[in-house]
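The values are calculated or read from the model by the stated rules, or taken from the named source; none is laboratory data. On a predicted model such as this, the values are computed, not experimentally measured, just so you know. As a convention, Cβ positions derive from the backbone with ideal geometry for all residues, glycine included, and neighbour counts pool all protein chains shown. To get the accessible areas, we keep the full protein, side chains included, count just its heavy atoms, and leave off ligands, DNA and RNA. Shrake-Rupley method; radii C 1.70, N 1.55, O 1.52, S 1.80 Å.
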Amino acid sequence: MNTNEQGANAPSADGFGALGLHQALVSAATALGYEEPTAIQREAIPPLLQGRDVLGQAATGTGKTAAFALPMLHRIGEVAAREGPRPVRGLILVPTRELAMQVAEAVHKYGRLLGISVLPIYGGQSMQQQLRALRRGVDVVIATPGRALDHIRRGTLELKAVEFLVLDEADEMLDLGFTEELEAIVAEVPAERQTALFSATVAPRIRTIAKRYLRDPAHVTIASQTAAPGKTFAIREVAYAVQRAHKAAALGRVIDMETPASAIIFCRTRMEVDELTETLGAHGYQAEAIHGGLSQEQRDRVLRRFREGTSEILVATDVAARGLDIEHLSHVVNYDVPSSPDAYVHRIGRTGRAGRKGVAITLVEAREHRLLRNIEQHTKRKIRVESVPTVLDLRTRRLELTRAALEDALAAGELERYRVVVESLAGEHDVLDLAAAAVKLLDQRDGSEKDDLEIPVAPPLPSAKVQPSGPRQRLRAQDATKLYIGLGRAAGIRPADLVGAIANEARIDSRDIGAIDITERFSLVEVPASEAKRIISALRGKSIRGKKVSVRPDRGR
Ligand code: AMP
């Protein structure tokens, strides 16, 4: 082997480069940060490149999409230079709409340098849009069986040029009752095609369809990821150090960063459930509360909406969540550290199922640090403790999402209507500036920047103690003013209540709150003069220790 000539900038010599894939595909994989092929890729890519059929047993999260997509794209090759409408040469059938979108995005990324165009086709999406794209010509179609068959019957999806067929998550397609659709679709594809069938299980009925659709396949089996805990644990576990006063805000921030597809948030009390459901609603999520106060009927309704995807987040007390039959959560969030390691393991076991990837997030206050260490000892896995993402992190993440949305829009085409606008402005403006302005509008479309308040960083764990009512003399702002708060000792008010309420409701750094003077009937709190108005309006109508507060500038006696 010619390893000497590979040089330092070709780390893929024994990685993707060695598989014999088109250079554009190796570059795409490298650009995505793939350093070396995963097991399923190492096993499945070589026989597929030789033109063999493959029967692969592998779950999501193993890298199976690239395992079939890269050889498919290799076979299709460079298409950029070709003229005119192109026939569909690759067909990938998947069970669900989500998977269709996900696989289409992956294939688009892998095939971009080859100029390959990709179209996801699934029910619920505009037929017109799909028709226009099909008419223009696409190289690879990723479809759910039902919608693919609709198009075939209308004569709008032509499959006689398909060279490479993939049945992805075949067991799921059978479970969903797509057997007949599959039969009808495969009958439209030329017999001399190459076929790959992937399934998480190879039950007898999978063998049956494999016999029908595959010719002398190479068998490739990758043990499920969960089989080797510790090394390839399917759940990403992370904890965030938070301060009590900023916990709800921290949760909102973490959820904004993660944009979960389906999450459950565990918290302790019914009041917390309601408060967090509201917080998340304000962040634009469809969140639903589950607690002991719901009737069976209400509970069923909430669960149905969640399963159907109408709502994406469930906020639940631990007790109410028991026995909830929910599959496939993308995220489990512990608003507090569960007090027993078993409860933790049980909760996070609701994500990362069937080889899917899952995320388990735990918010940790300083006083809960010990509980977290107990859990680590029990699970023998280290849980990374991070600080709550900053506004900058959030903006960066949002831009990433915007960027991905733009790539999707480019892949979907149908831009003629908008080109007119660009052309009319291009005479007067630099096209890059024009594009940047459009990105700005897109990025700020839901006014999300309004939530961009910095959340005070919690002291790193482990810390001796956090004193929410610590030294209050350190008011950082030069210009301080006093607020009159109509609750005092008689109402059970302590300094921490005032700091908590002000910091939380007005999102003020607690270090910016100065001296606090609590009398029997009222309290005086020193705050930055520039923030006084905002604090007053933030506290309007709110309660402290269960009592409605009145707040106004202190006019002295
Ligand atoms: P999949 O099992 O196809 O859903 O892939 C799971 C995740 O692994 C996706 O986010 C891929 O982008 C990523 N992935 C696939 N192949 C590799 C690789 N060779 N190295 C690193 N990540 C990969």
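Restricting to region 26-41, name every residue that is within 12 Å of the ligand (Cβ to nearest atom) and in a helix (DSSP H, G or I).
26, 28, 29, 30, 31, 39, 40, 41
For region 92-103, which positions are under 21 Å from residue 407 (Cα atoms) and not charged (D, E, K, R)?
92, 99, 100, 101, 102, 103
When region 366-381 is examined, which residues are found to be in contact with a helix residue (DSSP H, G or I) (Cβ under 6 Å, 6 or more places away or on another chain) and surrounded by fewer than 18 Cβ atoms within 10 Å (Cβ to Cβ)?
Across region 366-381, the qualifying residues are 374, 378.
When you scan region 382-404, how many residues do you find that are assigned to a helix (DSSP H, G or I), open to solvent by less than 40 Å² (accessible area, probe 1.4 Å) and among the hydrophobic types (A, V, I, L, M, F, W, C)?
Total meeting the criteria: 3.
Which pairs do you get when a residue that is farther than 20 Å from residue 179 by Cα, found in region 146-161, comes within reach of a residue that is among the basic types (Lys, Arg), reach meaning Cβ atoms under 6 angstrom, with the pair 6+ apart or on two chains?
Qualifying pairs under 6 Å: 161/89.
Rundown of residues vs (1) open to solvent by 30 Å² or more (accessible area, probe 1.4 Å); (2) at pLDDT below 80; (3) within 34 Å of the chain's Cα centre (by Cα), yes/no style:
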{"site": "484", "(1), (2), (3)": "yes, no, no"}
{"site": "491", "(1), (2), (3)": "no, no, no"}
{"site": "495", "(1), (2), (3)": "yes, yes, no"}
{"site": "511", "(1), (2), (3)": "yes, yes, yes"}
{"site": "523", "(1), (2), (3)": "no, no, no"}
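Each row is one residue, and each column tells you yes or no for (1) touching a helix residue (DSSP H, G or I) at 6+ places or on another chain (Cβ under 6 Å); (2) within 28 Å of residue 64 (Cα to Cα); (3) at pLDDT below 90; (4) among the charged types (D, E, K, R).
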{"position": "271", "(1), (2), (3), (4)": "no, no, yes, no"}
{"position": "282", "(1), (2), (3), (4)": "no, no, yes, no"}
{"position": "307", "(1), (2), (3), (4)": "no, yes, yes, yes"}
{"position": "319", "(1), (2), (3), (4)": "no, no, yes, no"}
{"position": "358", "(1), (2), (3), (4)": "no, yes, yes, no"}
{"position": "364", "(1), (2), (3), (4)": "yes, no, no, no"}
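Tally the residues that are more than 24 Å from residue 504 (Cα to Cα) and under 15 Å from the mean Cα position of the chain (by Cα), restricting the search to region 264-309.
Count: 1.
Restrict the check to region 328-341 and report whether at least one residue is surrounded by fewer than 19 Cβ atoms within 10 Å (Cβ to Cβ), among the β-branched types (Val, Ile, Thr), in the same structural domain as residue 368 (by TED's automatic domain parsing) and not in a strand (DSSP E or B).
No, that holds for no residue.
Somewhere in region 182-199, is a residue under 33 Å from the mean Cα position of the chain (by Cα), open to solvent by less than 80 Å² (accessible area, probe 1.4 Å) and at pLDDT below 90?
no
Quickly run through region 14-25 and pick out the residues that are part of a helix (DSSP H, G or I), open to solvent by less than 10 Å² (accessible area, probe 1.4 Å) and within 11 Å of the ligand (Cβ to nearest atom).
Within region 14-25, just 16 meets the criteria.
Evaluate the following for residue 295: is it small (Gly, Ala, Ser), open to solvent by 10 Å² or more (accessible area, probe 1.4 Å) and in contact (Cβ under 8 Å) with a residue 60 or more places away in the chain?
no
Would you mention how many residues in region 382-417 are closer than 28 Å to residue 334 by Cα, modelled with pLDDT of 85 or more and among the charged types (D, E, K, R)?
3
Name the helices (runs of 4 or more DSSP H) wholly within region 43-141 that hold at least 1 residues that are within 24 Å of residue 220 (Cα to Cα), open to solvent by 40 Å² or more (accessible area, probe 1.4 Å) and within 13 Å of the ligand (Cβ to nearest atom)?
97-111
Taking only pairs six or more apart or across chains, which ones have beta-carbon atoms under 8 Å, a first residue in region 42-68 that is charged (D, E, K, R), and a second residue that is more than 11 Å from the ligand (Cβ to nearest atom) and assigned to a loop (DSSP other than H, G, I, E, B)?
Short answer, once both residue conditions are applied: 52/216; 52/217; 53/214; 53/215; 53/216; 53/217.
Residues being assigned to a loop (DSSP other than H, G, I, E, B), over 29 Å from residue 59 (Cβ atoms) and in contact with a strand residue (DSSP E or B) (Cβ under 7 Å, 6 or more places away or on another chain): count how many of those fall in region 286-327.
2
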